[in-house]
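Reviewing the structure listed below.
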Number of protein chains: 2
Amino acid sequence: MSDGRAAQIYGGESLLFLTDEQLRQGIEAMFFAYRGFTADPDRILADMAYGRAHHRAIHFINRAPGTTVNNLLAILGVTKQSLNRVLRTLVADGLVESRVGTSDKRERHLFLTEAGQSLESQLSDAQRARMRAAFRDAGPEAVAGFKQVLEAMMDTDMRRAYVKLRDGS
Amino acid sequence: MSDGRAAQIYGGESLLFLTDEQLRQGIEAMFFAYRGFTADPDRILADMAYGRAHHRAIHFINRAPGTTVNNLLAILGVTKQSLNRVLRTLVADGLVESRVGTSDKRERHLFLTEAGQSLESQLSDAQRARMRAAFRDAGPEAVAGFKQVLEAMMDTDMRRAYVKLRDGS
DNA sequence: AGCATACGTCAGCCTTGTTGACATTCCAAG
DNA sequence: CTTGGAATGTCAACAAGGCTGACGTATGCT
């Protein structure tokens with residue numbers, strides 16, 4: 001597996017960016033960057049009774065208003081019991097509204113209330129500010145590469161969900 | 001905060017890559033990609049009594065053999081109690097060796113045993129394989145951009161730790 | 001009528017984070 | 001030499017947020 005100093009030339013093109021050293025740098029970059037990525041919303045949520053799980057639910061409900069529980073389950077990749085615990089508190093606190101489906105009454109469609117949207121903005125603003133600063137520092141070409149690599153790193157199902165959110169809505 | 005459709009022109013340069021839409025894509029890309037990033041090691045660890053916390057400890061001990069507990073604490077960003085619980089099991093299971101410092105006997109220097117190195121390779125190989133595939137798919141320029149954006153996204157302390165691991169050792 | 005689906009919920013477990021309190025060991029400064 | 005502070009270890013208690021398993025209720029489809 002480990003290819004050591006893989007300073008190979010393949011098809012006339014240098015593959016120096018695929019050395020174990022380069023890959024390890026990528027791994028550590030992901031680790032450290034993800035910490036920064038979640039730091040600001042985490043700080044805001046720490047004061048309330050909420051955590052990262054609530055943030056994720058709020059984000060994707062805002063992103064796709066009216067989405068069903070099952071849908072959200074698939075995107076978040078958690079069990080319904082886990083999600084339900086989070087949704088229950090959000091509904092109880094009046095941040096999320098759960099409406100029975102019209103065509104299929106088994107389904108519940110999820111919406112943010114005004115209070116929910118307000119919190120979403122707060123969290124989103126903080127996270128976007130950091131992302132904006134990073135994007136600005138790195139420049140457009142770097143941003144394109146950033147997205148390209150991340151997309152290639154996703155599992156197939158997640159990539160589908162990502163692309164669907166990005167392109168269609 | 002929210003700048004809506006920020007199709008501004010500033011200093012003659014297009015900032016279309018800084019629209020809220022672009023930033024949201026970046027945010028969701030990080031979320032989905034991180035899931036893929038941790039998926040393979042998580043699967044391996046699920047069979048054992050270990051979790052992601054053990055992986056992180058093993059990774060950085062392998063990366064900087066002989067590192068002190070305090071050092072590891074700073075890098076991982078958790079409390080000593082939290083780390084200690086993980087280290088205790090790893091030492092008990094013979095994956096990590098904790099040697100009393102020679103110059104300062106208060107410090108414990110951490111090393112992977114052979115069994116520890118073996119597990120590290122297993123986890124690392126899985127994670128590197130995915131990273132390698134993503135890097136190969138995206139190409140060298142994308143990889144450069146990827147790292148650039150991630151580095152810009154880190155907190156100052158984490159960036160320092162990242163750069164130190166990357167450059168000096 | 002009967003099976004499958006969508007959702008909610010209860011109970012219990014695990015990992016991994018947190019605080020707080022306290023003991024030990026050692027270095028260094030007075 | 002004593003004492004204070006630093007580094008570490010450990011115990012206890014707790015919370016968030018994952019998980020499985022089981023069960024109940026509507027609803028939809030065949």
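Filtered by the rule that a residue be of a type outside the set (Gly, Ala, Ser) and under 15 Å from the mean Cα position of the chain (by Cα), segment A:118-148 gives A:Glu120, A:Leu123, A:Asp125, A:Gln127, A:Arg128, A:Arg130, A:Met131, A:Phe146, A:Lys147. The selection criterion, being near DNA strand C (Cβ under 9 Å from one of its atoms), at pLDDT 95 or above, among the polar types (S, T, N, Q) and under 26 Å from B:Leu23 (Cα atoms), holds for A:Thr67.
Quick check, is A:Arg52 within 12 Å of DNA strand D (Cβ to nearest atom) and under 26 Å from A:Val163 (Cβ atoms)?
On the way: within 12 Å of DNA strand D (Cβ to nearest atom): yes; under 26 Å from A:Val163 (Cβ atoms): yes.
Taking the combined requirement at face value, the residue satisfies it.
Going through (1) out of contact with any Ser or Thr (no Cβ under 8 Å at 6 or more places or on another chain); (2) modelled with pLDDT under 95 one by one, A:Gly26 falls short only on (2).
Cβ separations smaller than 8 Å between residues 6+ apart or across chains give the following pairs from segment B:97-108 residues that are more than 9 Å from DNA strand D (Cβ to nearest atom) to residues that are part of a strand (DSSP E or B) and aromatic (Phe, Trp, Tyr): B:Glu97/B:Phe111; B:Arg99/B:Phe111. Consider segment A:132-158 and keep the residues that are more than 7 Å from every other protein chain (Cβ to nearest Cβ) and surrounded by 14 or more Cβ atoms within 10 Å (Cβ to Cβ). The one that is farthest from B:Gly145 (Cα to Cα) is A:Asp157. Could you tell me whether segment B:66-81 includes any residue that is more than 15 Å from DNA strand D (Cβ to nearest atom), closer than 24 Å to A:Met30 by Cα and touching a helix residue (DSSP H, G or I) at 6+ places or on another chain (Cβ under 9 Å)? The answer is no, given that none of the residues of segment B:66-81 is more than 15 Å from DNA strand D (Cβ to nearest atom), closer than 24 Å to A:Met30 by Cα and touching a helix residue (DSSP H, G or I) at 6+ places or on another chain (Cβ under 9 Å). The single condition among (1) in contact with a Ser or Thr (Cβ under 9 Å, 6 or more places away or on another chain); (2) farther than 25 Å from A:Phe32 by Cβ that B:Val100 does not meet is (1). Across segment A:44-55, the qualifying residues are those that are more than 12 Å from DNA strand C (Cβ to nearest atom), without any contact (Cβ under 8 Å) to a residue 40 or more places away in the chain and part of a helix (DSSP H, G or I), and the one among them that is farthest from the other protein chains (Cβ to nearest Cβ) is A:Asp47. Any residue in segment A:148-159 that is within 17 Å of B:Leu23 (Cα to Cα) and touching a strand residue (DSSP E or B) at 6+ places or on another chain (Cβ under 6 Å)? So far as segment A:148-159 goes, no, none of its residues is within 17 Å of B:Leu23 (Cα to Cα) and touching a strand residue (DSSP E or B) at 6+ places or on another chain (Cβ under 6 Å). Given B:Ser118, B:Ser98, B:Ser124, B:Ser103, which one is in a helix (DSSP H, G or I), more than 30 Å from A:Phe146 (Cβ to Cβ) and more than 7 Å from chain A (Cβ to nearest Cβ)? So the residue among B:Ser118, B:Ser98, B:Ser124, B:Ser103 that is in a helix (DSSP H, G or I), more than 30 Å from A:Phe146 (Cβ to Cβ) and more than 7 Å from chain A (Cβ to nearest Cβ) is B:Ser118.
The values are calculated or read from the model by the stated rules, or taken from the named source; none is laboratory data. Note that the structure is predicted; figures quoted are calculated from it, not measured. In this analysis, Cβ positions are derived from the backbone assuming ideal geometry, glycine residues included, and neighbour counts consider all displayed protein chains.
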